[in-house]
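The values are calculated or read from the model by the stated rules, or taken from the named source; none is laboratory data. Fair warning: this is a prediction, and the values are worked out from it, not measured in the lab. Glycine also receives a Cβ, built like all others from the backbone with ideal geometry; neighbour counts cover every protein chain displayed.
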Amino acid sequence: MTITVHIISHTHWDREWFLSCKFTAEWLIPFFNSLFKLLDKYPDYYFVLDGQTLIIEDYLKQLSQRKKIKAEKKLEKYISQSRLLVGPYYLQPDWRLVSGESLLRNIIIGHQMAQKLGRVMKAGWLLDNFGQISQAPQIHNGFDINGVYLWRGIEADPEHIQSEYLWESPDGSQVTSVYLLSSYRNAMRLAEYSDVAHQ
């Protein structure tokens, strides 16, 4: 029997959680340098940029004009090829703590930035929300997003947890949902266990 496993390579970037953005921004240049090397070396490698575009904005702000132009060309190349997946959001808010208008504008700005760079990832990336709102499928449908990845904030019967299901808003809007049972980092340290990784 053959089992196919899909590992989604992605970053989880907390811009201002345990440190201020002044410090977390310092990690972006080495991060993107490493990411570009991987994308250059492995033509079949894909990477999800945490569902947001703000990380790109903060990265580019730190570069000289010459380096910024070079970095933008690399970003545009990989995003246009769908090897670097960005958006659909500008940033990752907690959906229960901000207004509906803020959520809509967040997606509008994220779409505009991602489209300018080549392509918008049309998948919701709600992995670190501490709660969800019932209108999330309706809002995503309004932007032609029909699938989402989730972790925190899901109310589920512990005896009947499903990793895939249809999430429905009160108005009947639905999105296909993938619930990451063991968080967004469930294979984070897999490379440290080569005997398991090679099986």
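At-a-glance table
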| read-out | value |
| --- | --- |
| Residues being under 14 Å from the mean Cα position of the chain (by Cα) and over 14 Å from Val175 (Cβ atoms) - total across the range 107-118 | 3 |
| Pick from the range 88-101, criterion assigned to a loop (DSSP other than H, G, I, E, B) and at pLDDT 95 or above, ranking: nearest to Pro43 (Cα to Cα) | Pro88 |
| The range 15-42 residues that are more than 22 Å from Gln92 (Cα to Cα), paired with ones that are surrounded by 12 or more Cβ atoms within 10 Å (Cβ to Cβ) and of a type in the set (D, E, K, R) (beta carbon under 9 Å, 6 or more apart) | Phe36/Lys74; Leu39/Lys74; Leu39/Lys77; Leu39/Arg83; Asp40/Lys74 |
| Test for Trp125: is it within 27 Å of Leu181 (Cβ to Cβ), within 13 Å of the chain's Cα centre (by Cα) and among the hydrophobic types (A, V, I, L, M, F, W, C) | yes |
| Residue that is farthest from Asn146 (Cα to Cα) [pool: residues in the range 64-103 that are of a type in the set (Ser, Thr, Tyr) and free of Cβ contacts under 8 Å to residues at least 24 places away in the same chain] | Ser64 |
| Subset of the range 137-168 [small (Gly, Ala, Ser) and modelled with pLDDT under 95] | Gly153, Ala156, Ser163 |
| Unique residue being surrounded by 10 or more Cβ atoms within 10 Å (Cβ to Cβ) and either modelled with pLDDT under 90 or of a type outside the set (S, T, N, Q) (or both) when the list is Lys41, Lys70 | Lys70 |
| Tyr46 being under 23 Å from Met121 (Cα atoms), aromatic (Phe, Trp, Tyr) and in contact with a Leu (Cβ under 9 Å, 6 or more places away or on another chain) | yes |
| Selected residue [touching a Lys or Arg at 6+ places or on another chain (Cβ under 8 Å) and not in a strand (DSSP E or B)] from Ile107, Ile133 | Ile133 |
